[in-house]
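Visitor: The following block contains the structure, expressed as structure tokens.
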2 protein chains.
Amino acid sequence: MSDQTNEQPRIAGVSFSLYPMSDDYVDLILNALKKVDSTSVWMKADRVSTIVRGRIPHIFDVPQAAFLEVAQTGVHVVCSGTFSVGCPGDTEGHAYMDADDDLQNRELIESVDQHVAAKFALYPMGGGNYMDPIYEQIDAMKARGVNVELTHYETILDGPAQNVFNGLQQTLQAMEDAGSPHTVMTVTISANSPSD
Amino acid sequence: MSDQTNEQPRIAGVSFSLYPMSDDYVDLILNALKKVDSTSVWMKADRVSTIVRGRIPHIFDVPQAAFLEVAQTGVHVVCSGTFSVGCPGDTEGHAYMDADDDLQNRELIESVDQHVAAKFALYPMGGGNYMDPIYEQIDAMKARGVNVELTHYETILDGPAQNVFNGLQQTLQAMEDAGSPHTVMTVTISANSPSD
């Protein structure tokens with residue numbers, strides 16, 4: 001454990017994209033982003049993805065809500081993202097670190113019953129013994145109501161969207177609680193796939 | 001430099017997905033994969049992504065060809081992938097390391113004139129001083145005919161598809177030539193976006 005527990009938490013962030021496999025993808029994305037409450041995060045879209053920064057619970061709340069907004073239309077949609085805590089130079093947007101624990105999009109998220117298939121990978125940066133925390137977090141995921149399957153480069157997850165997103169959030173938080181200097185986690189979450 | 005230069009190159013791989021933002025996404029993906037020659041790589045699809053493994057030039061050749069096959073239809077399509085060399089335990093499929101230098105899909109790739117916007121991130125694993133090679137590779141990208149723009153967590157790239165894919169391949173190869181024990185590189189490559 002690090003001595004960070006008594007300090008202000010560090011700013012976290014995610015660069016994410018939504019990919020609705022539909023001719024209506026522009027409207028689906030814009031409508032979803034319109035319905036999502038992003039008042040607790042710093043948020044900025046560019047041509048490739050949307051960046052959301054703030055406290056860990058909020059940077060999961062916002063993409064999850066946007067993803068579920070699209071998923072509940074029944075269209076096949078993928079949310080792909082890179083979560084990061086401790087990236088050197090990540091300092092702007094600290095105003096959002098005062099946001100309280102209220103999750104702005106909890107009602108929306110809890111109203112959607114959605115099964116997802118996902119992949120995730122964890123990259124603890126700057127440490128020599130980085131494989132141990134990865135295996136620990138893959139094991140921990142099994143206790144979070146998520147099916148886990150090993151494959152190359154990433155780990156396959158399967159379960160209710162809430163369990164998968166909560167499980168991923170707990171992984172990032174666990175790394176932060178353990179004092180990891182810089183953690184990156186990539187996720188690909190798929191809903192309504194014809195492969196399912 | 002490591003002493004790997006006189007040894008057999010290590011197996012590399014990518015886990016990638018194509019996201020055509022179209023009602024016809026199933027046909028677009030299946031047709032693209034059908035046209036791509038994958039004889040020089042180990043290849044396996046699961047419910048979330050397709051894994052391609054072999055020598056570095058071939059693991060770029062295959063996803064690039066599949067992506068351009070979809071892109072040349074004019075549909076907005078994104079290729080998202082995680083490239084990896086040196087992942088502990090990555091040993092199967094070594095038969096493909098004897099593949100020669102002929103790139104099976106070069107003709108297809110060179111026939112498509114496609115502009116792309118992209119993001120990439122480089123994760124040199126297991127080393128303490130991991131930021132220096134990242135900054136070096138971002139700088140090197142500028143000399144490869146690719147526009148480079150900094151943002152949070154990833155680096156934005158912009159240019160002809162061939163320059164972007166070749167630039168990314170050179171980055172992974174440079175890390176390998178420098179003896180990086182385990183390198184991960186994530187990429188998101190977007191064609192025909194209405195944001196462009």
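Visitor: Can you confirm whether A:Val75 is touching a strand residue (DSSP E or B) at 6+ places or on another chain (Cβ under 8 Å), surrounded by fewer than 20 Cβ atoms within 10 Å (Cβ to Cβ) and among the β-branched types (Val, Ile, Thr)?
Guide: Taking the combined requirement at face value, the residue satisfies it.
Visitor: Taking the condition touching a residue at least 60 places away in the same chain (Cβ under 8 Å) and under 20 Å from B:Ser190 (Cβ atoms), does B:Val78 pass?
Guide: The answer is yes for B:Val78.
Visitor: So which pairs qualify, if the first residue must be in region B:84-111 and in contact (Cβ under 8 Å) with a residue 24 or more places away in the chain, the second must be aromatic (Phe, Trp, Tyr), the Cβ gap must be under 7 Å, and the two must be at least 6 apart or on different chains?
Guide: Pairs found: B:Ser84/A:Tyr153; B:Cys87/A:Tyr153; B:Gly93/B:Trp42; B:Tyr96/B:Trp42.
Visitor: Additional query: Name the single residue that is nearest to A:Gln8 (Cα to Cα) among those in region A:162-196 being of a type in the set (S, T, N, Q) and part of a loop (DSSP other than H, G, I, E, B).
Guide: It comes out as A:Ser180.
Visitor: Right, another one. Just the residues that are hydrophobic (A, V, I, L, M, F, W, C) and touching a residue at least 60 places away in the same chain (Cβ under 8 Å), please, taken from region A:151-178.
Guide: A:Ala161, A:Phe165, A:Leu168, A:Leu172, A:Met175, A:Ala178
Visitor: I need the full set of residues from region B:33-78 which are more than 14 Å from every other protein chain (Cβ to nearest Cβ) and hydrophobic (A, V, I, L, M, F, W, C), in order please.
Guide: Matches in region B:33-78: B:Val36, B:Ile56, B:Phe60, B:Val62, B:Ala65, B:Ala66, B:Leu68, B:Ala71.
Rundown of residues vs (1) in contact with a helix residue (DSSP H, G or I) (Cβ under 6 Å, 6 or more places away or on another chain); (2) at positive phi; (3) of a type outside the set (A, V, I, L, M, F, W, C); (4) more than 8 Å from chain B (Cβ to nearest Cβ), yes/no style:
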residue	(1), (2), (3), (4)
A:Pro133	no, no, yes, yes
A:Asp139	no, no, yes, yes
A:Thr151	no, no, yes, no
A:Leu157	yes, no, no, yes
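Quick grid of which residues meet (1) surrounded by 21 or more Cβ atoms within 10 Å (Cβ to Cβ); (2) on the phi < 0 side of the Ramachandran plot; (3) among the acidic types (Asp, Glu):
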position	(1), (2), (3)
A:Ile56	no, yes, no
A:Ser80	yes, yes, no
A:Glu107	no, yes, yes
A:Gln162	no, yes, no
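Visitor: Hey, another quick one. Pull up region B:115-135, narrow it to residues that are surrounded by fewer than 18 Cβ atoms within 10 Å (Cβ to Cβ) and under 18 Å from B:Asp158 (Cα atoms), then point me to the one that is nearest to the chain's Cα centre (by Cα).
Guide: The extreme case among them is B:His115.
Visitor: Report yes if some residue within region B:90-101 is at the interface with another protein chain (Cβ under 8 Å from one of its Cβ atoms) and acidic (Asp, Glu); otherwise report no.
Guide: yes
Visitor: How many residues are farther than 22 Å from A:Glu154 by Cα, in a loop (DSSP other than H, G, I, E, B) and within 14 Å of chain A (Cβ to nearest Cβ) when one looks only at region B:6-32?
Guide: 4
Visitor: While we're here: Among B:Ala32, B:Ala71, B:Ala66, B:Ala45, which is the only one that is under 12 Å from the mean Cα position of the chain (by Cα) and of a type in the set (A, V, I, L, M, F, W, C)?
Guide: Just one listed residue meets the conditions, B:Ala66.
No value in this document is a laboratory result; all are computed from the given coordinates. Quantities reported herein were computed from a predicted structural model and do not represent experimental measurements. In this analysis, Cβ positions are derived from the backbone assuming ideal geometry, glycine residues included, and neighbour counts consider all displayed protein chains.
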